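Asks: Take this structure, written in structure tokens, and hold onto it; I'll ask about it next.
Rule-based calculations on the coordinates, nothing more; no lab input. Values in this document were obtained by computation on a predicted structure and should not be read as measured data. Heads up, the Cβs are rebuilt from the backbone with ideal geometry, glycines too, and the neighbour counts pull from every protein chain shown.
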Amino acid sequence: MRHVYLLQSEAFAGQRYVGITSDLRKRIVEHNGGRSPHTSKYAPWRLVTYVAFSDEQKAETFERYLKSGSGHAFARRRLW
């Protein structure tokens, strides 16, 4: 399974992150432990939403979509 996940910083209002992983629990621990250079300065993070995919290609396509302009708008309306 691949998970596309949305995180929100608890310390910095408005800071959000979209990622993909096969081990969601481990990945959140890594984000909160400062092991990701893109998210370390905004820790701690809380999981807002995740979507599980059995098809890796579909998960990657959905993650790319959420990082696009129309994907940002969709996520603001439906997922955050």
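Asks: I need to check one value: relative contact order of the chain, counting alpha carbon pairs closer than 8 Å and at least 6 residues apart, in percent. Write out the running numbers ahead of the final one.
Replies: Numbers: 126 pairs, mean separation 29.5, N = 80.
Reported as a whole number, the value is 37 percent.
Asks: Summing Lys, Arg as +1 and Asp, Glu as -1, what charge do residues with Cβ under 15 Å from the Cβ of residue 64 carry, residue 64 excluded? Write out the running numbers ahead of the final one.
Replies: Working: positive: 2, 58, 67; negative: 55, 56, 60, 63.
Every neighbour counted, the sum reads -1.
Asks: Using 1/(1 + (r/R0)^6) with R0 = 35 angstrom and r between the beta carbons of residue 23 and residue 77, what's the FRET efficiency to the nearest 0.05?
Replies: Numbers: r = 29 Å, r/R0 = 0.82.
With a Förster radius of 35 Å, E is 0.75.
Asks: Residue 32: net charge of surrounding residues, Cβ under 12 Å, Lys/Arg +1, Asp/Glu -1, itself excluded? Could the numbers behind the result be given before it?
Replies: Details: positive: 25, 26, 27, 35, 46; negative: 10, 30.
Overall, the nearby charge balance is +3.
Asks: Now a separate question. Fully extended, how many nm does the chain gain between residue 30 and residue 10 (0.36 nm per residue separation, minus their Cα-Cα distance)?
Replies: Values: separation 20, 0.36 × 20 = 7.20 nm, distance 1.55 nm.
Residue separation times 0.36 nm, minus the Cα-Cα distance, leaves 5.6 nm.
Asks: How charged is the neighbourhood of residue 20? Take every other residue with its Cβ under 12 Å from the Cβ of residue 20, and add Lys/Arg as +1 and Asp/Glu as -1. Spell out each step's value before the answer.
Replies: Numbers: positive: 2, 27, 58, 64, 67; negative: 23, 56, 60, 63.
Result for the neighbourhood of residue 20: +1.
Asks: Here's a follow-up. Grab the DSSP H runs of the chain that are 4 residues or longer, score each as -39,500 (n - 2.57), total them, divide by all residues and round the 222 nm result to the nearest 500 deg cm²/dmol. Could the numbers behind the result be given before it?
Replies: Values: 3 runs with 30 residues, N = 80.
Result for the chain: -11000 deg cm²/dmol, rounded to the nearest 500.
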